[in-house]
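J.: Here you go, one structure.
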Amino acid sequence: AINNGAKAIVIDQRETELTRHADIWLRPIPGSEYALLGGMIRTIIEESIDDHDFLDENCTGLEELKYSLWKFDLLQVEAQTGISQADIREAARCFAALDTASIIYGLETISPHLRSDCVTALVNLSLVTGNIGKESTGLYPLHTGGNDQGSIDMGCVPDLLPGHFDLTDTNAKDRLENQWNS
């Protein structure tokens, strides 16, 4: 994708093959990734470069999200992450400006107690920019075992249906049955 003109924003302390191809490479202090993502989301909301229509049509709790972003003052985020406010803003603006964007993420370098918050922040970043539910968008976790994610996606676990739907969700069961039968 990068060879075909796609932009790449990499958030990783380590230099990897991917960082060599990145348009923007952010190297946060370990343990500060959540603050960095919060700072990016705050920038997008404050600068009104979010996808207003997508948010109005598809999301609830936007006021609560906006209120929660007060704790991500960019001066404090800069001190926590070691990344300049200018670089945080640049990454946020770049991501928000893309017509379609996907987030590919791994959590192996992030402290286990921060992983859930980081995933929530990544989902919120995708939502505020309208990058869920259309072609070439979404979130793609990279698990340590590649088959782990595929088995979950396909419903090969005892408590989830395909697509990560709860086994007891009758609406999800009906939708999947209709898709299967069509």
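The values are calculated or read from the model by the stated rules, or taken from the named source; none is laboratory data. These figures come from a predicted structure and were not determined experimentally. Don't worry about glycine lacking a Cβ; one is built from the backbone with ideal geometry, like all the others, and counts go over all protein chains shown. Protein only, heavy atoms only, side chains kept; ligands, DNA and RNA dropped before computing areas. Shrake-Rupley method; radii C 1.70, N 1.55, O 1.52, S 1.80 Å.
J.: For region 1-49, which residues satisfy the criterion of being within 28 Å of residue 63 (Cα to Cα), in contact (Cβ under 8 Å) with a residue 60 or more places away in the chain and charged (D, E, K, R)?
T.: Once the filter is applied, which keeps residues that are within 28 Å of residue 63 (Cα to Cα), in contact (Cβ under 8 Å) with a residue 60 or more places away in the chain and charged (D, E, K, R), region 1-49 yields only 33.
J.: Also, quick follow-up: Since residue 48 meets every condition but one in (1) among the hydroxyl-bearing types (Ser, Thr, Tyr); (2) part of a helix (DSSP H, G or I); (3) open to solvent by 30 Å² or more (accessible area, probe 1.4 Å), which condition does it not meet?
T.: The single condition residue 48 does not satisfy is (2).
J.: Do we have any residue at all in region 105-123 that's open to solvent by 40 Å² or more (accessible area, probe 1.4 Å) and touching a strand residue (DSSP E or B) at 6+ places or on another chain (Cβ under 6 Å)?
T.: no
J.: Moving on to the next point. From the list 27, 42, which residue is within 13 Å of residue 109 (Cβ to Cβ) and at pLDDT 95 or above?
T.: Answer to the selection: 27.
J.: Could you go through region 20-39 and let me know if any residue there is open to solvent by 70 Å² or more (accessible area, probe 1.4 Å) and polar (S, T, N, Q).
T.: There is no residue in region 20-39 that is open to solvent by 70 Å² or more (accessible area, probe 1.4 Å) and polar (S, T, N, Q).
J.: Turning to a different aspect of this structure: Kindly establish whether residue 145 is modelled with pLDDT under 80, touching a Leu at 6+ places or on another chain (Cβ under 8 Å) and of a type outside the set (A, V, I, L, M).
T.: no
J.: If you scan region 85-106, which residues turn out to be part of a loop (DSSP other than H, G, I, E, B) and in contact with a Leu (Cβ under 7 Å, 6 or more places away or on another chain)?
T.: 106
J.: Which numbered condition trips up residue 109, out of (1) closer than 23 Å to residue 130 by Cα; (2) among the polar types (S, T, N, Q); (3) touching a residue at least 40 places away in the same chain (Cβ under 8 Å); (4) not in a helix (DSSP H, G or I)?
T.: (1)
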